[in-house]
1. May I ask you to evaluate 6.51 cos²θ - 1.76 cosθ + 1.60, the Karplus curve with θ = phi - 60°, for each residue of the range 293-309 and list the ³J(HN,Hα) values in order in whole Hz, giving x for glycine and proline?
2. Residues with amide H under 5 Å of V166's amide H, sequence separation 5 or more or different chain, H placed in the peptide plane at 1.01 Å from N; which?
3. For a quick check: with amide H placed at 1.01 Å from N, whose amide H comes under 5 Å from I200's, ignoring anything fewer than 5 positions away on the same chain?
4. Name the long-range amide H neighbours of R81: under 5 Å, sequence gap of 5 or more, or other chain; modelled H, no Pro or chain starts.
5. May I ask you to derive the FRET efficiency for A130 and F48 from their Cβ-Cβ distance with R0 = 41 Å, giving the value to the nearest 0.05?
6. In the structure displayed, which of K150/K194; K62/K194; K194/K309; K155/K194; K56/K110 lie more than 20 Å apart, Cα to Cα?
7. Please report the accessible area of I136 (heavy atoms, 1.4 Å probe, ligands and nucleic acids excluded) in Å², nearest 10.
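The values are calculated or read from the model by the stated rules, or taken from the named source; none is laboratory data. Remember, it's a predicted structure, so these values are computed and weren't measured experimentally. Counting neighbours? That spans all protein chains shown, and the Cβs are built from the backbone with ideal geometry, glycine included. Side chains included, ligands, DNA and RNA excluded: accessible areas come from the protein's heavy atoms. Shrake-Rupley method; radii C 1.70, N 1.55, O 1.52, S 1.80 Å.
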Amino acid sequence: MSATRGRSGGGATTSGCGLKRRNAPQDQEDSKMINQDQPSTEDWCGRFWNGMELLKDVTEKKHFLPTGLEGIDTLLGGGLRQGQLTEITGPSSSGKTQVCLHCASNIAAKQMGVVMYLDTSNSFSPSRVATIIYGISDLFGQRGFELQPKDARLKSVMRSIICESVFDIFALFEVLHQLEVSLLNDKVNNGGSKVCLLVIDSISSLLAPIIGGKYPQGRSMMISVAVILKKLADEHNLSVLRTFNLFRMPSSNNSYRMPSSNKVTNHMVSAGNGAVKPALGESWKAVPHVRLMLSHECQNNICTATVLKHTLMASGRTAKFAAPS
(Lines give C-alpha, C1' and ligand atoms only; values in the text may rest on other atoms or scores of the structure.)
Protein backbone atom coordinates (compact mmCIF):
# COMPACT_ATOMS: atom_id res chain seq x y z
CA MET A 1 0.00 0.00 0.00
CA SER A 2 1.33 3.41 -0.80
CA ALA A 3 0.21 6.99 -0.73
CA THR A 4 1.19 10.10 -2.61
CA ARG A 5 1.29 13.51 -1.02
CA GLY A 6 -0.18 16.60 -2.67
CA ARG A 7 2.22 19.25 -3.87
CA SER A 8 2.11 22.42 -5.88
CA GLY A 9 3.70 23.20 -9.20
CA GLY A 10 3.50 21.75 -12.68
CA GLY A 11 3.99 18.22 -13.85
CA ALA A 12 2.30 15.03 -12.81
CA THR A 13 2.43 12.55 -9.96
CA THR A 14 1.98 8.81 -10.00
CA SER A 15 0.12 6.96 -7.27
CA GLY A 16 0.87 3.60 -5.75
CA CYS A 17 -1.72 1.98 -8.01
CA GLY A 18 -0.21 3.42 -11.18
CA LEU A 19 -2.74 6.23 -11.63
CA LYS A 20 -1.13 9.28 -13.17
CA ARG A 21 -2.57 12.68 -12.35
CA ARG A 22 -1.82 16.33 -12.90
CA ASN A 23 -1.04 18.59 -10.00
CA ALA A 24 -3.54 21.26 -9.04
CA PRO A 25 -3.89 24.15 -11.53
CA GLN A 26 -2.53 27.45 -10.29
CA ASP A 27 -4.91 29.91 -11.93
CA GLN A 28 -8.36 30.24 -13.44
CA GLU A 29 -7.12 29.42 -16.92
CA ASP A 30 -6.10 25.97 -15.67
CA SER A 31 -9.39 25.59 -13.84
CA LYS A 32 -11.30 26.40 -17.04
CA MET A 33 -9.36 23.71 -18.84
CA ILE A 34 -10.22 21.19 -16.11
CA ASN A 35 -13.84 22.32 -16.20
CA GLN A 36 -14.10 21.59 -19.91
CA ASP A 37 -13.25 17.95 -19.22
CA GLN A 38 -16.00 17.47 -16.66
CA PRO A 39 -18.81 15.19 -17.78
CA SER A 40 -22.35 16.38 -18.10
CA THR A 41 -25.25 14.39 -16.74
CA GLU A 42 -26.20 13.41 -20.28
CA ASP A 43 -22.81 11.71 -20.75
CA TRP A 44 -23.76 8.81 -18.49
CA CYS A 45 -27.56 8.86 -18.31
CA GLY A 46 -28.05 8.02 -21.96
CA ARG A 47 -30.17 4.87 -21.54
CA PHE A 48 -33.45 4.14 -19.84
CA TRP A 49 -33.98 1.10 -17.62
CA ASN A 50 -37.28 -0.71 -17.35
CA GLY A 51 -38.57 -2.10 -14.06
CA MET A 52 -37.36 -5.66 -14.60
CA GLU A 53 -33.86 -4.50 -15.48
CA LEU A 54 -33.71 -2.41 -12.33
CA LEU A 55 -34.99 -5.30 -10.21
CA LYS A 56 -32.43 -7.69 -11.70
CA ASP A 57 -29.66 -5.16 -11.18
CA VAL A 58 -30.54 -4.75 -7.50
CA THR A 59 -31.01 -8.46 -6.72
CA GLU A 60 -28.04 -9.81 -8.67
CA LYS A 61 -25.39 -7.08 -8.48
CA LYS A 62 -26.04 -4.62 -5.67
CA HIS A 63 -24.80 -6.73 -2.77
CA PHE A 64 -23.87 -5.43 0.69
CA LEU A 65 -20.32 -4.85 1.91
CA PRO A 66 -20.30 -5.32 5.70
CA THR A 67 -18.57 -2.55 7.62
CA GLY A 68 -17.69 -4.86 10.50
CA LEU A 69 -19.51 -2.51 12.91
CA GLU A 70 -22.54 -4.49 14.05
CA GLY A 71 -24.77 -1.51 14.82
CA ILE A 72 -24.25 0.14 11.43
CA ASP A 73 -24.58 -3.13 9.51
CA THR A 74 -27.85 -3.92 11.26
CA LEU A 75 -29.16 -0.40 10.71
CA LEU A 76 -28.37 -0.51 6.98
CA GLY A 77 -29.65 -4.05 6.45
CA GLY A 78 -26.23 -5.58 5.85
CA GLY A 79 -23.73 -2.79 5.30
CA LEU A 80 -22.75 -0.51 2.43
CA ARG A 81 -24.67 -1.31 -0.73
CA GLN A 82 -22.71 -1.66 -3.95
CA GLY A 83 -23.72 0.78 -6.67
CA GLN A 84 -24.71 3.40 -4.10
CA LEU A 85 -23.24 6.47 -2.41
CA THR A 86 -23.24 6.50 1.38
CA GLU A 87 -22.43 9.72 3.21
CA ILE A 88 -21.40 9.88 6.86
CA THR A 89 -21.74 13.27 8.46
CA GLY A 90 -21.29 14.64 11.96
CA PRO A 91 -19.29 17.07 14.07
CA SER A 92 -15.58 16.79 14.70
CA SER A 93 -14.47 13.72 16.71
CA SER A 94 -17.77 11.92 16.16
CA GLY A 95 -16.00 8.86 14.70
CA LYS A 96 -16.33 9.42 10.93
CA THR A 97 -12.72 8.62 10.03
CA GLN A 98 -12.66 5.63 12.39
CA VAL A 99 -15.73 4.21 10.63
CA CYS A 100 -14.01 4.68 7.24
CA LEU A 101 -10.83 2.96 8.43
CA HIS A 102 -12.84 0.10 9.92
CA CYS A 103 -14.85 -0.37 6.71
CA ALA A 104 -11.69 -0.41 4.58
CA SER A 105 -9.91 -2.82 6.94
CA ASN A 106 -12.85 -5.21 7.24
CA ILE A 107 -13.49 -5.44 3.50
CA ALA A 108 -9.80 -5.85 2.64
CA ALA A 109 -9.22 -8.38 5.42
CA LYS A 110 -12.12 -10.54 4.31
CA GLN A 111 -10.81 -10.46 0.73
CA MET A 112 -14.02 -8.98 -0.67
CA GLY A 113 -12.12 -6.73 -3.06
CA VAL A 114 -9.74 -3.80 -3.33
CA VAL A 115 -10.39 -0.58 -1.39
CA MET A 116 -9.47 2.80 -2.88
CA TYR A 117 -9.02 5.29 -0.04
CA LEU A 118 -8.79 9.01 -0.93
CA ASP A 119 -7.34 10.89 2.03
CA THR A 120 -7.91 14.67 1.98
CA SER A 121 -6.57 15.60 5.42
CA ASN A 122 -3.73 13.19 6.27
CA SER A 123 -6.06 11.16 8.46
CA PHE A 124 -5.25 7.71 7.04
CA SER A 125 -3.30 5.69 9.61
CA PRO A 126 -1.64 2.41 8.54
CA SER A 127 -0.93 1.51 12.17
CA ARG A 128 -4.60 2.03 13.01
CA VAL A 129 -5.56 -0.23 10.11
CA ALA A 130 -3.17 -2.91 11.37
CA THR A 131 -4.75 -2.73 14.84
CA ILE A 132 -8.23 -3.10 13.36
CA ILE A 133 -7.15 -6.04 11.20
CA TYR A 134 -5.78 -7.97 14.17
CA GLY A 135 -8.99 -7.29 16.07
CA ILE A 136 -11.34 -8.80 13.47
CA SER A 137 -12.46 -11.96 15.23
CA ASP A 138 -13.72 -13.94 12.24
CA LEU A 139 -10.79 -13.12 9.97
CA PHE A 140 -8.73 -16.19 10.74
CA GLY A 141 -11.42 -18.66 9.76
CA GLN A 142 -10.65 -18.04 6.10
CA ARG A 143 -9.07 -20.90 4.23
CA GLY A 144 -5.29 -20.85 4.48
CA PHE A 145 -5.21 -17.42 6.10
CA GLU A 146 -4.54 -18.72 9.61
CA LEU A 147 -1.51 -20.67 8.32
CA GLN A 148 0.32 -17.52 7.24
CA PRO A 149 2.80 -15.76 9.54
CA LYS A 150 1.47 -12.64 11.24
CA ASP A 151 3.45 -10.23 9.05
CA ALA A 152 2.42 -12.06 5.89
CA ARG A 153 -1.24 -11.82 6.86
CA LEU A 154 -0.91 -8.09 7.42
CA LYS A 155 0.87 -7.53 4.11
CA SER A 156 -1.77 -9.54 2.26
CA VAL A 157 -4.49 -7.27 3.60
CA MET A 158 -2.55 -4.02 3.21
CA ARG A 159 -1.98 -4.72 -0.48
CA SER A 160 -5.74 -4.55 -0.96
CA ILE A 161 -5.93 -0.98 0.34
CA ILE A 162 -4.76 1.72 -2.07
CA CYS A 163 -4.35 5.12 -0.45
CA GLU A 164 -4.16 8.40 -2.38
CA SER A 165 -3.64 11.83 -0.83
CA VAL A 166 -5.91 14.37 -2.54
CA PHE A 167 -5.81 17.95 -1.31
CA ASP A 168 -7.91 19.94 -3.80
CA ILE A 169 -10.87 19.54 -6.14
CA PHE A 170 -8.73 19.42 -9.28
CA ALA A 171 -6.62 16.55 -7.98
CA LEU A 172 -9.87 14.76 -7.11
CA PHE A 173 -11.15 15.13 -10.67
CA GLU A 174 -7.91 13.74 -12.03
CA VAL A 175 -7.78 10.76 -9.65
CA LEU A 176 -11.41 9.87 -10.33
CA HIS A 177 -10.84 10.12 -14.08
CA GLN A 178 -7.77 7.88 -13.93
CA LEU A 179 -9.62 5.45 -11.67
CA GLU A 180 -12.43 5.20 -14.23
CA VAL A 181 -9.96 4.59 -17.05
CA SER A 182 -8.15 1.94 -15.01
CA LEU A 183 -11.42 0.22 -14.11
CA LEU A 184 -12.42 0.12 -17.76
CA ASN A 185 -9.06 -1.44 -18.60
CA ASP A 186 -9.18 -3.73 -15.56
CA LYS A 187 -5.88 -2.36 -14.20
CA VAL A 188 -6.83 -1.63 -10.58
CA ASN A 189 -6.89 -5.02 -8.88
CA ASN A 190 -5.00 -7.23 -6.48
CA GLY A 191 -4.61 -10.86 -7.44
CA GLY A 192 -7.75 -10.77 -9.54
CA SER A 193 -9.84 -8.85 -6.98
CA LYS A 194 -11.34 -5.62 -8.31
CA VAL A 195 -12.07 -2.36 -6.56
CA CYS A 196 -15.33 -2.69 -4.63
CA LEU A 197 -15.14 0.28 -2.24
CA LEU A 198 -14.15 3.90 -2.81
CA VAL A 199 -13.65 5.97 0.35
CA ILE A 200 -13.31 9.78 0.37
CA ASP A 201 -12.42 11.16 3.78
CA SER A 202 -13.50 13.88 3.74
CA ILE A 203 -15.17 15.35 0.68
CA SER A 204 -16.26 18.52 2.50
CA SER A 205 -12.69 19.78 2.77
CA LEU A 206 -12.43 19.68 -1.03
CA LEU A 207 -15.82 21.22 -1.83
CA ALA A 208 -15.95 24.01 0.75
CA PRO A 209 -13.10 26.13 -0.76
CA ILE A 210 -14.71 26.27 -4.22
CA ILE A 211 -18.21 27.24 -3.08
CA GLY A 212 -18.48 31.03 -3.04
CA GLY A 213 -14.73 31.34 -3.48
CA LYS A 214 -12.52 32.49 -6.33
CA TYR A 215 -13.85 29.83 -8.71
CA PRO A 216 -17.03 31.07 -10.43
CA GLN A 217 -17.75 27.49 -11.58
CA GLY A 218 -17.62 26.16 -8.01
CA ARG A 219 -21.17 24.91 -7.83
CA SER A 220 -20.94 23.33 -11.24
CA MET A 221 -17.73 21.54 -10.20
CA MET A 222 -19.54 20.28 -7.10
CA ILE A 223 -22.30 18.77 -9.24
CA SER A 224 -19.69 17.28 -11.58
CA VAL A 225 -18.12 15.46 -8.63
CA ALA A 226 -21.53 14.02 -7.79
CA VAL A 227 -22.08 12.90 -11.39
CA ILE A 228 -18.69 11.18 -11.59
CA LEU A 229 -19.15 9.38 -8.27
CA LYS A 230 -22.60 8.14 -9.23
CA LYS A 231 -21.29 6.99 -12.59
CA LEU A 232 -18.42 5.05 -10.98
CA ALA A 233 -20.78 3.48 -8.45
CA ASP A 234 -23.38 2.46 -11.02
CA GLU A 235 -21.22 1.33 -13.97
CA HIS A 236 -18.56 -0.46 -11.92
CA ASN A 237 -20.76 -1.61 -9.04
CA LEU A 238 -18.68 0.24 -6.47
CA SER A 239 -19.81 1.24 -3.02
CA VAL A 240 -18.80 4.87 -2.43
CA LEU A 241 -18.34 5.98 1.17
CA ARG A 242 -17.55 9.59 1.97
CA THR A 243 -17.49 11.75 5.05
CA PHE A 244 -18.79 15.25 5.56
CA ASN A 245 -17.81 17.45 8.49
CA LEU A 246 -20.26 19.64 10.38
CA PHE A 247 -19.21 22.78 12.18
CA ARG A 248 -20.87 24.63 15.01
CA MET A 249 -22.07 28.06 13.94
CA PRO A 250 -22.55 31.13 16.15
CA SER A 251 -26.13 31.89 17.19
CA SER A 252 -27.71 35.26 17.86
CA ASN A 253 -26.59 35.32 21.49
CA ASN A 254 -22.95 34.68 20.48
CA SER A 255 -23.01 31.14 21.90
CA TYR A 256 -22.40 28.08 19.78
CA ARG A 257 -24.94 25.43 18.97
CA MET A 258 -25.53 22.53 16.63
CA PRO A 259 -28.61 22.40 14.39
CA SER A 260 -31.05 19.61 15.24
CA SER A 261 -30.03 16.31 13.65
CA ASN A 262 -33.01 16.03 11.32
CA LYS A 263 -32.09 19.36 9.71
CA VAL A 264 -28.44 18.59 9.01
CA THR A 265 -27.39 17.62 5.49
CA ASN A 266 -23.94 19.19 4.98
CA HIS A 267 -21.90 22.19 6.13
CA MET A 268 -24.07 24.73 7.90
CA VAL A 269 -23.67 28.50 7.50
CA SER A 270 -25.38 31.44 9.09
CA ALA A 271 -28.57 32.59 7.38
CA GLY A 272 -29.02 35.63 9.64
CA ASN A 273 -30.97 36.10 12.88
CA GLY A 274 -29.22 33.11 14.38
CA ALA A 275 -30.64 30.68 11.84
CA VAL A 276 -28.55 28.26 9.76
CA LYS A 277 -28.81 26.76 6.32
CA PRO A 278 -26.91 24.13 4.28
CA ALA A 279 -23.79 25.68 2.76
CA LEU A 280 -23.92 23.46 -0.33
CA GLY A 281 -27.62 24.03 -0.94
CA GLU A 282 -30.44 21.77 -1.99
CA SER A 283 -28.50 20.54 -5.05
CA TRP A 284 -26.15 18.50 -2.85
CA LYS A 285 -28.93 17.23 -0.64
CA ALA A 286 -30.11 14.75 -3.29
CA VAL A 287 -26.66 13.35 -4.14
CA PRO A 288 -26.16 10.44 -1.68
CA HIS A 289 -28.45 7.42 -1.62
CA VAL A 290 -27.84 7.01 2.12
CA ARG A 291 -26.85 9.63 4.68
CA LEU A 292 -25.96 8.83 8.28
CA MET A 293 -25.14 11.25 11.06
CA LEU A 294 -22.80 10.16 13.85
CA SER A 295 -22.67 11.42 17.39
CA HIS A 296 -20.27 10.34 20.11
CA GLU A 297 -20.97 10.01 23.83
CA CYS A 298 -18.18 11.79 25.70
CA GLN A 299 -18.33 9.50 28.74
CA ASN A 300 -17.57 6.31 26.81
CA ASN A 301 -16.75 4.94 23.36
CA ILE A 302 -20.37 4.48 22.29
CA CYS A 303 -21.46 6.18 19.05
CA THR A 304 -24.95 6.66 17.68
CA ALA A 305 -25.73 6.49 13.95
CA THR A 306 -28.91 8.21 12.81
CA VAL A 307 -30.47 7.73 9.37
CA LEU A 308 -31.02 11.13 7.75
CA LYS A 309 -31.75 9.70 4.31
CA HIS A 310 -32.23 6.21 2.90
CA THR A 311 -33.78 4.86 -0.27
CA LEU A 312 -35.51 1.98 1.52
CA MET A 313 -36.34 3.20 5.02
CA ALA A 314 -37.73 6.20 6.85
CA SER A 315 -35.31 8.70 8.34
CA GLY A 316 -34.87 8.92 12.08
CA ARG A 317 -33.89 5.31 12.79
CA THR A 318 -30.88 4.99 15.08
CA ALA A 319 -28.37 2.38 16.18
CA LYS A 320 -25.56 2.39 18.69
CA PHE A 321 -22.15 0.84 18.15
CA ALA A 322 -18.82 0.77 19.91
CA ALA A 323 -16.38 3.24 18.39
CA PRO A 324 -13.26 1.41 17.18
CA SER A 325 -10.57 2.01 19.80
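1. After applying 6.51 cos²θ - 1.76 cosθ + 1.60, I find 10, 9, 9, 10, 7, 5, 6, 8, 9, 8, 10, 10, 9, 10, 6, 9, 7 Hz.
2. Residues meeting the criterion, in which the H sits 1.01 Å from N, are D119, T120.
3. Correct list: L118, L241, R242, T243.
4. Residues meeting the criterion, in which the H sits 1.01 Å from N, are L65.
5. 0.30
6. Values: K150/K194 24 Å; K62/K194 15 Å; K194/K309 28 Å; K155/K194 18 Å; K56/K110 26 Å.
Going by Cα-Cα distance, K150/K194; K194/K309; K56/K110 fall outside the 20 Å limit.
7. Accessible area of I136: about 10 Å².
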